[in-house]
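What follows is a short report on a single structure.
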Amino acid sequence: MRVIGLGTQDSLDQAISFTADNGLETPLMTWDPGFDSWIYYGVNSQPTAILVDPAGNPLAGWRGAFDLDEVLRLASEL
């Protein structure tokens with residue numbers, strides 16, 4: 001399982017600072033200033049979490065707070 005942080009708003013420097021300031025340990029952080037990912041996955045608010053399969057197909061999604069145990073359970077079923 002791989003966790004990828006996806007930044008789209010503000011700037012890349014602000015996203016890097018946000019992850020550092022909040023102690024977030026994301027193995028990979030990518031940047032999408034054009035919001036293409038939001039369009040592809042139908043994201044319209046933050047925070048949003050999306051569980052995708054290895055091919056990038058969405059399996060489940062959450063807007064706002066989400067239950068980490070539920071995410072991990074679903075991810076372990078992949």
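We did not get these values from a lab; they are worked out from the coordinates using the rules stated. Predicted model, so just to flag it, every value in this text is computed and none were measured. Glycine gets a Cβ as well: all are built from the backbone with ideal geometry, and neighbour counts include every protein chain shown.
A Cβ distance below 7 Å, combined with a sequence gap of six or more or placement on separate chains, defines the contacts here; from segment 1-18, residues that are among the hydroxyl-bearing types (Ser, Thr, Tyr) reach residues that are surrounded by 14 or more Cβ atoms within 10 Å (Cβ to Cβ) and not in a helix (DSSP H, G or I) in the pairs 8/32.
So which residues in segment 32-78 are surrounded by 14 or more Cβ atoms within 10 Å (Cβ to Cβ) and in a strand (DSSP E or B), if there are any at all?
Matches in segment 32-78: 48, 49, 50, 51, 52, 61, 62.
Among the residues making up segment 1-31, those that are part of a strand (DSSP E or B) and either surrounded by 10 or more Cβ atoms within 10 Å (Cβ to Cβ) or over 11 Å from the mean Cα position of the chain (by Cα) (or both) are 4, 5, 6, 7, 29, 30, 31.
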